[in-house]
Amino acid sequence: MKRACVIGWPVAHSRSPFIHRYWLKLYGLDGAYELEAVRPEEIGGFLKGLGQRGYAGANVTLPHKEAALAASDRPDEAATAIGAANTLWLDANGLLHASNTDAYGFMTHLSAEAPDWNADGRPVMVLGAGGAARAILHGLLEAGATKIQLANRTEDRAEALAKAFGSRVVVVPWEDRNTALGACGLLVNATSLGMTGKPPLDLDLSALPVDATVADIVYSPLQTPLLAAAKARGNRTVDGLGMLLHQAVPGFERWFGVRPEVTPELRAHVAAHLGAS
Ligand code: NAP
């Protein structure tokens with residue numbers, strides 16, 4: 001039996017088991033996907049012994065994504081550029097490979113829901129400068145975004161990202177985020193604001209063109225206050241669940257040897273669990 005897991009601290013909140021166990025059952029595979037709560041001081045040792053514990057690989061969530069990259073023998077281009085890994089797998093020689101599939105997940109869902117998001121080269125507005133924002137900047141730039149306006153409450157963090165990603169990323173002061181929406185074709189919320197238990201995102205959409213797309217990577221609730229406000233004024237919206245589902249695809253394929261599909265049935269299955277929690 002092949003086994004994989006998600007490693008975090010805490011880890012009980014992870015939605016990954018719902019996705020991978022659904023696929024294991026759907027494709028009739030002899031495999032298991034488990035939860036591993038690993039303390040920060042123990043992550044190095046845990047990853048060294050991943051194969052001995054019987055795992056073919058793992059997903060990695062907070063706060064271990066940087067440690068996972070550091071522990072990897074073979075990080076790919078995305079993990080290196082993003083500076084963090086969320087997907088690990090062991091090869092036949094026992095080498096630990098690492099990837100970051102958040103950019104892939106976000107871009108795959110965005111391209112499906114809003115294929116023309118960059119057709120006219122208008123600026124993209126990204127809110128947030130945490131780990132997820134880093135992945136999104138990487139994905140957008142790789143996909144050809146010409147200008148990204150980046151706003152974050154803590155401006156230093158936005159400046160650091162702009163420095164890392166180059167001149168196509170321009171920092172906008174957090175106080176100016178409303179007016180800066182003026183010429184944008186895509187707005188992405190990559191902060192944790194709007195998530196269940198967090199304050200809502202304080203954003204006035206009045207200046208945003210009505211033909212712009214609004215994406216929120218927060219997926220709990222599925223319909224965030226930002227997406228509801230955008231929908232109400234006629235903007236096309238892209239929710240965070242698609243990113244969550246698509247980011248899981250490459251890991252499952254590595255561990256279990258089948259490239260799984262993201263289907264409306266999977267979406268409904270995970271959405272039902274989100275609704276229940
Ligand atoms: P993170 O590294 O902790 O970053 C959090 C971000 O939110 C920072 O930019 C932070 O700004 C900002 N923020 C937090 N509280 C704020 C407040 N009160 N006012 C203004 N800004 C605030 O988290 P992350 O890993 O990037 O994740 C961000 C969100 O994305 C989470 O909700 C997570 O669940 C979601 N996510 C979704 C997916 C998916 O597959 N859909 C994948 C990854 C993450 P400061 O820098 O000023 O603190």
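Some values worked out for this structure:
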item: Per DSSP, loop GluC sites (Glu not before Pro) in the range 147-193 with at most 15 further Cβ within 10 Å; result: none
item: Length added when fully stretched, residue 2-residue 116, from 0.36 nm per residue minus Cα-Cα; result: 37.1 nm
item: Estimated inter-spin distance, residue 37 and residue 265, nm [label 7 Å along Cα→Cβ]; result: 3.4
item: Count, lysine Cα pairs under 29 Å in the chain, 8 or more residues apart or across chains; result: 12
item: Long-range amide H partners of residue 238 with built H, under 5 Å; result: 214, 215, 216
item: Charge sum, other residues only, whose C-beta stays under 10 Å from residue 210's C-beta, Lys/Arg counted +1 and Asp/Glu -1; result: +1
item: Cα gyration tensor shape of the range 54-93, rounded if a/c is under 1.5, else prolate or oblate by comparing a/b with b/c; result: oblate
item: Separation of the residue 167 and residue 143 label points, Cα + 7 Å toward Cβ, nm; result: 2.5
item: Residues 104, 27, sorted so that the one with the fewest Cβ neighbours within 10 Å comes first; result: 27, 104
item: Built amide H within the under 5 Å cut-off of residue 101, gap 5+; result: 86, 87
item: Qualifying GluC sites (Glu not before Pro) in the range 219-274, DSSP loop, other Cβ atoms within 10 Å at most 15; result: 261
item: Long-range HN-HN contacts of residue 58 with modeled amide H, under 5 Å; result: 5, 88, 89
item: Pairwise FRET efficiency - residue 232 versus residue 93, Cβ, R0 = 51 Å, nearest 0.05; result: 0.40
item: Spatial separation of Cα centroids for the range 5-53 and the range 182-233, in angstrom; result: 31
item: Gyration tensor (alpha-carbon) shape descriptor, the range 66-171, a/c threshold 1.5; result: oblate
item: Crossing angle, helix 16-26 versus the chain [Cα axis fit, 0-90 degrees, rounded to tens]; result: 60
item: Size-normalised alpha-carbon gyration radius of the range 180-271, reference 2.2 N^0.38 Å; result: 1.24
item: Cα gyration tensor category, rounded, prolate or oblate, for the range 103-242 with a/c compared to 1.5; result: rounded
item: Alpha carbon convex hull of the chain, volume per residue in cubic angstrom; result: 124
item: Student exercise, the chain dipole from Lys, Arg, Asp, Glu Cβ charges, in Debye to nearest 20; result: 380
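Coordinate-derived values only; no laboratory data. Note that this is a predicted model, so its numbers are computed, not measured. Reconstructed Cβ throughout: ideal geometry from the backbone, glycine too, with neighbour counts over all protein chains shown.
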